[in-house]
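Take a look at the structure set out below.
The values are calculated or read from the model by the stated rules, or taken from the named source; none is laboratory data. Computed from a prediction, not measured in an experiment: that's the story for all the values here. Don't worry about glycine lacking a Cβ; one is built from the backbone with ideal geometry, like all the others, and counts go over all protein chains shown. SASA here: full protein model, heavy atoms, side chains in, ligands and nucleic acids out. Shrake-Rupley method; radii C 1.70, N 1.55, O 1.52, S 1.80 Å.
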Protein chains: 4
Amino acid sequence: MADLKFGLIGTGFMGKAHAIALKAAPTVFSLPAFPVCELLAEVDDEQAVRKARELGFARSTGDWKALVEDPDVDVVDICAPNFLHKEMALAAIAAGKHVYAEKPLALSAVDAQAMVEAAEAAGVKTLVGFNYIRNSATQLAREIVQSGEIGELVHFRGRHNEDYLADPTKPHDWHTRRATAGAGALGDLGSHILNMAEYLTGQRIGEVCGQLQTVIPQRALPDGGGGMEEVENDDQAQALLRFDGGLIGNLETSRVATGRKMGLAYTLTGTRGSIIFDQERMSELQLYKHTGPEGRRGFSTLLIGPEHPDYAAFSPAPGHGLGYNDQKIIEIRDLVEGIVGDRPLYPNFREAARVNRLIEAIERSHLEGNWVSVSG
Amino acid sequence: MADLKFGLIGTGFMGKAHAIALKAAPTVFSLPAFPVCELLAEVDDEQAVRKARELGFARSTGDWKALVEDPDVDVVDICAPNFLHKEMALAAIAAGKHVYAEKPLALSAVDAQAMVEAAEAAGVKTLVGFNYIRNSATQLAREIVQSGEIGELVHFRGRHNEDYLADPTKPHDWHTRRATAGAGALGDLGSHILNMAEYLTGQRIGEVCGQLQTVIPQRALPDGGGGMEEVENDDQAQALLRFDGGLIGNLETSRVATGRKMGLAYTLTGTRGSIIFDQERMSELQLYKHTGPEGRRGFSTLLIGPEHPDYAAFSPAPGHGLGYNDQKIIEIRDLVEGIVGDRPLYPNFREAARVNRLIEAIERSHLEGNWVSVSG
Amino acid sequence: MADLKFGLIGTGFMGKAHAIALKAAPTVFSLPAFPVCELLAEVDDEQAVRKARELGFARSTGDWKALVEDPDVDVVDICAPNFLHKEMALAAIAAGKHVYAEKPLALSAVDAQAMVEAAEAAGVKTLVGFNYIRNSATQLAREIVQSGEIGELVHFRGRHNEDYLADPTKPHDWHTRRATAGAGALGDLGSHILNMAEYLTGQRIGEVCGQLQTVIPQRALPDGGGGMEEVENDDQAQALLRFDGGLIGNLETSRVATGRKMGLAYTLTGTRGSIIFDQERMSELQLYKHTGPEGRRGFSTLLIGPEHPDYAAFSPAPGHGLGYNDQKIIEIRDLVEGIVGDRPLYPNFREAARVNRLIEAIERSHLEGNWVSVSG
Amino acid sequence: MADLKFGLIGTGFMGKAHAIALKAAPTVFSLPAFPVCELLAEVDDEQAVRKARELGFARSTGDWKALVEDPDVDVVDICAPNFLHKEMALAAIAAGKHVYAEKPLALSAVDAQAMVEAAEAAGVKTLVGFNYIRNSATQLAREIVQSGEIGELVHFRGRHNEDYLADPTKPHDWHTRRATAGAGALGDLGSHILNMAEYLTGQRIGEVCGQLQTVIPQRALPDGGGGMEEVENDDQAQALLRFDGGLIGNLETSRVATGRKMGLAYTLTGTRGSIIFDQERMSELQLYKHTGPEGRRGFSTLLIGPEHPDYAAFSPAPGHGLGYNDQKIIEIRDLVEGIVGDRPLYPNFREAARVNRLIEAIERSHLEGNWVSVSG
């Protein structure tokens, strides 16, 4: 089995998740190439050395540009803060590397588009880490929709709410600044539910009507000096949706929704049944069929098991449960198979750039106070 | 104890519910007057006689106009189809009767306004049957919001979805015709969640941005002859909301949401906590407090009990459960107390007419494709 | 329609529930006789007068013996404390009255048996208020079991836990004394789940192996003087069960189970499916069918609706919810129909006496430390 | 960092789970030694070679005895069928290896005891894979109990039900034979809940009263020839429990409980609160506190997060969810730390042998029809 050598940039929340997944993936799945944890980049040499030891990478560097250029790196894996994605990805593409990046792809649709064009011109593979679509339960939801099992879709409802910025005394960090985060909740969390809306329905969002709000308008500076500054992006956002296939829907997202920790959830309503899902109970799907005797109809709680997508590789026994990192393992599997098999990856930069366009359409709709259409 | 004599018009779903509540209310609650089931009107004498026997009314008539004029009727209780509300209510008001009507108050905001003005000019009491706001759990939700227990509200999410018209082979009935129903799901079900949005938040909806859809555009004629005709109102609707107090929110309503039977639900997100409620589990409220040790925070399932509004009259023991008709018993209590005590009733015609205006604002917003403000 | 005149003794929790149900029943259901609230007895005239006014009874008396003898009383309805059931019932039977009594029937199996024999010798109808078996969801569970829809039963699990005596500072009351309550949790709550075990399975419990415990061995005297006395009966109990049909099972009951408010629950496991129910969510039943594609099997949440037993009389629309008092309304319907139609009632004194025998068998098993069989 | 070299015997469900965990553990946790996947044994060379490649082991052998003797193996990891545990463990111990074995430890208490004595005489470390106690939510439950947060425990209720043998047409396999499995559901699943009962409560089970049943008494031979043979062990079992500290409880286990897939669940009732857990929703714990205003008491759903045991190593964000294999990663962490730090491991062979004794006590109690005490 050939090797596929990974160069990881960034070792925060997502960097560690990628590392865990890279280590476990070849044992969980039978892969066409072995994903090697080859090189790790951090902000300086010392931290890079330490993190490479912790996360199990063979080599390390304090200079991400060196990583991008390294001849022994096949895939550049970008887990650095969002505002660095563009520069890193363009450099990696220029060096002919495949790029695996965390979401959101870029701070703006224009930047994202530049990344798409560079990647497509270079012919490298790209994948963006919208990992929640890899969860077995969500893959199952899509399978049920596509098979026609719940008829034609008539409504989509989605949300991705968390409360990590609900505390008004929490100071500014990269999330709250336009220059480092772009959009707020809409970019960080809304990007997931926007991508998922299209993934699940198999339809493109054609028009949006959006509304944004910064609930906590000022926050303290992180230096502890007591100064306050304006929060530069949305704490919560919501939108009505019109899909190209005629379907309508709505979504909301928030980083100040007290009580929600991993509150990505959706309801898919079809003419012959419905699906309800909540990522806080990620290993189950509620399925309703509008058939059979009326007195026996109800939402069934399907516990994910080996009959469902990708579960069997983790356990042969049903209901044993997948966790957050297992989604990343599935993502790695898709990435490795796609690169080795030279097959299209989903969601690639082009698809992720669409999410940036949707975010901006919602922002524009908010500013203009009317519906905004979204192209391509 | 004095008597308060009721004249009931209409004996369908709601008429029976009113009758049950009138019978039980004086035993459940200590009332300032005894609600007498005095006179019942149905479409003809024969049916009126039969229904009066079934529902326990002293007298009956096949002519609702006679009921309205009857000197021994203090309160005219209108459970007839929606399109008759206006004529009946105006006649009752003209006869100096108090009026208790089912929702929606009227088929249009103009009609509703005429009813408000007539009632206020005559000085009679009015109450409209938005009974779900009487549920202990929902009263508790409002109490929690008003007390500041979950801080300031930052988001309202509501829905009222059912699936009674999900079957496309179901023929036309009064729901599907403009002349008999006015708006579709938005009028029948949406009226509940619109009223409840303002009840729960204590804020007025100032602007709406709405979207309507007739999912099943044609239905068979009820004569069985096989002819098809257009469905004249919405099967589903959704809206973004901007409240006068700055709060934002969204709602949706549907009569084709497969799997939902009594799918009125809301989430109230505050700066220091949140509330989740689903009428399909009407005797419990989920409450989250964003305080205390982080590792002990979670949504608590409060089972309704004697500490909560109006529950103790039904049972001294917690968690024993209220049912649909119990909400109507509470409504009757409010009605009787309001009339006898000459106190304002909520929601009266003026309040219910507001719901008609909100419905029309959502419809207009849909047609115009932008935000619409709602006065008064 | 003839009248059936009720004489109610006792106006606490259960007395009021009976009164509400008597008032509402003839409007909810089409009854073969009208249940008249004729006469009410309380401990003295003053209280009797007041309570008759509150609960809507025509006449009152401070002497329950007068009620029992009253020629205008057809049914003696005993809601007095348990230790009075025997004397009152025997007097009522001696006067030729039908008897409707709350559970548990008696403080001992011997007493219960005397009551059975008197009632059967006199040929009067008897009914004991195990009202939870009247809940639509539980009637549905029995229907599903009996139809063979979940195959043959292989296991029964039941509990009835509450926490009304969890607070150790709560002083003695009638529950904690042998002379007034007989068994503790086992008598008060366990009686429900024992009756329900046989009702649901359609099998008799043939042998039990039980264990009892008084968790809080001493409580303060209710006089507030600070004296402590021994608690005379069980705070919690549990048992293994062997049914006559070969089925095995277990149950537990507690009055100190912190967090449980109306914690009656059961799981019925069959060879082709299973049922789960929790009275705290009394309007839903979880049904699992071990058929169809494995990937679509899961517990379905059936919301009770008009297809299910007795629901349609309360509402024509599914999922609108029944409450505690609605169970009593159904019980009244059964009582009136049984008396007027001269049909067997369930559970009558004979059936309720069986529950007393089961309680004593569990107590004896606890003392002897082995299995005890239960006759008849 | 030193290496700790693992030799894995057996590559079924559990073998793969161990391999995944060995790969991921050093990236998830900071370990004091690196767990090396050194040598893998399967039933023949060909299969061993193939599986070593799949699961990422450096070397392979078709002879487990060679593995046990291999000088480059520090830890023998036994995932072979239960009936082989004893022979393999004794050989490993004789070779001076640490032993990590799957549960149940042995087919009988006598065998288990021999294994304990050998291990203790040799001074090697042992660990048995009762992995569900490693779940964050269950560790949290224990922490809450031990801290006194819910007062003193008054009741334990446990179950571990699944339905993998519910289908009566499923032929015999190793589970159904005494010689290969020992006890049935009681050994396979009941062992988990027995161990967990003591882990959670911190008390020893002193006496049991048990009941076993083989629901499907005969099954087809696996050869497909149509012959039927007796099932040799229990399909379901249940027991009353008396703990040494005075606590009482009950448990049940089944392999024919239709609808349960990973149905390990428990309720811990304390004097000041209660805990409910269900492994099918493994990333949440229900906690009730019997304090504060009565109207605000209810079971809270705690989503597992970084404040809870061992979660933060997997994700810094709450509610993101752990999966089945994550429990094994925590187990590996404990194993490596215990061996390197020369600290006691839990549950070691001595603790696991206790589970075998509890199983046999329940079986004996069933046969004798009375309570049986359990020593040591």
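How big is the antiparallel share of DSSP beta bridges in the protein assembly as shown, given as a percent to the nearest 5?
Here the share of antiparallel DSSP bridges comes out near 60 percent.
Output, in nm with one decimal and in ascending order, the distances from the B:Arg178 label point to the matching label points of the other copies (7 Å from Cα along Cα-to-Cβ).
B:Arg178 label point versus its equivalents elsewhere: 4.6, 8.0, 8.2 nm.
Nearest 5 is fine: what % of DSSP beta bridges in the range C:2-131 come out antiparallel, could you say?
0
Would you mind checking which residues have amide H under 5 Å from B:Leu40's amide H? H placed 1.01 Å from N; only 5 or more apart, or other chain.
For B:Leu40, the qualifying residues are B:Leu8, B:Arg59, B:Ser60, B:Thr61.
Over the range C:2-131, what percent of the accessible surface lies on carbon and sulfur atoms, probe 1.4 Å?
Result for the range C:2-131: 53 percent of the exposed heavy-atom area is carbon or sulfur.
Over chain C, with a Gaussian network built from C-alpha contacts below 10 Å, which listed residue (C:Leu39, C:Leu247, C:Leu67) shows the highest mean-square fluctuation?
Highest fluctuation of the listed residues: C:Leu247.
For A:His155, enumerate residues with amide H under 5 Å from its amide H, sequence gap 5+ or separate chain, H modeled in the peptide plane.
Distant-sequence amide H within range of A:His155: A:Thr269.
Among rounded, prolate and oblate, which fits chain B when a ≥ b ≥ c are the square roots of the eigenvalues of its C-alpha gyration tensor, a/c under 1.5 means rounded, and a/b larger than b/c means prolate?
oblate
Please sort C:286-297, B:208-219 by packing, taking for each peptide the average over its residues of neighbouring beta carbons within 10 angstrom, highest first.
B:208-219, C:286-297
What value, in deg cm²/dmol to 500, does the helix sum -39500 (n - 2.57) over DSSP H runs of n ≥ 4 give at 222 nm once divided by the residues of chain D?
Helix contribution divided over all residues of chain D: -10500 deg cm²/dmol.
Mind checking which of C:Leu84, C:Ser60, C:Leu31 is farthest towards the positive end of the range C:3-84's charge dipole, using Cβ charges of +1 (Lys, Arg) and -1 (Asp, Glu) about the Cα centre?
After comparing all options, I get C:Leu31.
Check each residue of the range D:204-235 and keep those whose accessible area, probe 1.4 Å, is at least 50 Å² smaller with all protein chains in place than in the chain alone; give them in order of residue number.
Correct list: D:Gln211, D:Gln213.
Using a simple charge model, +1 on the beta-carbon of Lys and Arg, -1 on the beta-carbon of Asp and Glu, nothing else, what dipole does chain B show about its Cα centre, in debye to the nearest 20?
900
Shape of the range A:90-163 from its Cα gyration tensor (a ≥ b ≥ c, root eigenvalues): rounded if a/c is under 1.5, otherwise prolate when a/b > b/c, or oblate?
prolate
Given charges of +1 on the Cβ of Lys and Arg and -1 on the Cβ of Asp and Glu, with all other atoms neutral, how large is the dipole of the range D:81-170 about its Cα centre, in debye to the nearest 20?
Computed about the Cα centre, the dipole is about 140 debye.
Please get the size of the charge dipole for the range D:260-376, origin at its Cα centre, with Cβ charges of +1 on Lys and Arg and -1 on Asp and Glu, quoted in debye to the nearest 20.
Roughly 320 debye, rounded to the nearest 20.
When the accessible area of each residue in the range D:347-374 is compared between its chain alone and the complete protein assembly (1.4 Å probe; ligands, DNA and RNA ignored), which residues differ by at least 30 Å², being lower in the assembly?
Residues losing area: D:Gly369, D:Trp371.
Send over a whole-number figure in Å² for the accessible area per residue of chain C, probe 1.4 Å.
Dividing the accessible area of chain C by its residue count gives 32 Å².
Report the paramagnetic label zone for C:Lys170: residues of the range D:283-308 whose backbone N is under 18 Å from a point 7 Å from Cα along the Cα-to-Cβ axis.
Only D:288-299 fall inside the zone, counting backbone N under 18 Å.
Residue of B with Cβ nearest the axis relating B to C, plus distance in whole Å?
Residue nearest the B-to-C axis, with distance in whole Å: B:Gly323, 2.
Taking amide H atoms as placed 1.01 Å from N in the peptide plane, list the residues 5 or more away in sequence, or in a different chain, whose amide H sits under 5 Å from that of C:Phe299.
A:Thr301
Using a label point 7 Å beyond Cα on the Cα-Cβ vector, give me the inter-copy distances for B:Asn370 in nanometres, one decimal, shortest first.
Taking the point 7 Å beyond Cα along Cα→Cβ, the inter-copy spacings are 0.5, 8.9, 8.9 nm.
Under a 10 Å cutoff between Cα atoms, tell me which one of B:Gly96, B:Gly224, B:Gly148 has the largest fluctuation in the Gaussian network model of chain B.
Answer for the Gaussian network model of chain B: B:Gly224.
For the pairing of chain B with chain C, what total accessible surface becomes buried, with a 1.4 angstrom probe, in square angstrom to the nearest 100?
Heavy-atom accessible area buried at this interface is about 2900 Å².
Please report, for A:Met228, the nm distances (one decimal) from its label point, 7 Å out from Cα along the beta-carbon direction, to the equivalent points in the remaining copies, shortest first.
Reported distances to equivalent positions: 5.5, 6.1, 8.0 nm.
Which residue, A:Leu140, A:Ala114, A:Tyr164, has the largest displacement toward the positive end of the dipole of chain A when charges sit on each Cβ (Lys, Arg +1; Asp, Glu -1)?
Looking along the dipole axis, the top candidate is A:Leu140.
Count, for each residue of A:254-266, the Cβ atoms from other chains sitting within 10 Å of its Cβ, then give me the mean as a whole number.
Across A:254-266, the average partner-chain Cβ count within 10 Å equals 6.
Could you tell me which of A:Gly259, A:Gly321, A:Ile20 has its Cα farthest along the dipole of chain A towards the positive end, charges placed at Cβ (Lys, Arg +1; Asp, Glu -1), taken about the Cα centre?
A:Gly321
Using only the Cα atoms of the protein assembly as shown, build the gyration tensor, take square roots of its eigenvalues as a ≥ b ≥ c, and label the shape rounded, prolate or oblate: rounded if a/c is under 1.5, else prolate if a/b is larger than b/c, else oblate.
Because a/c hits 1.5 or more and a/b fails to exceed b/c, the protein assembly as shown counts as oblate.
Would you mind telling me which residue in D:Gly182, D:Gly225, D:Gly249 has the biggest mean-square fluctuation in a Gaussian network model of chain D, where springs connect alpha carbons within a distance under 10 angstrom?
So, out of D:Gly182, D:Gly225, D:Gly249, the one fluctuating most is D:Gly225.
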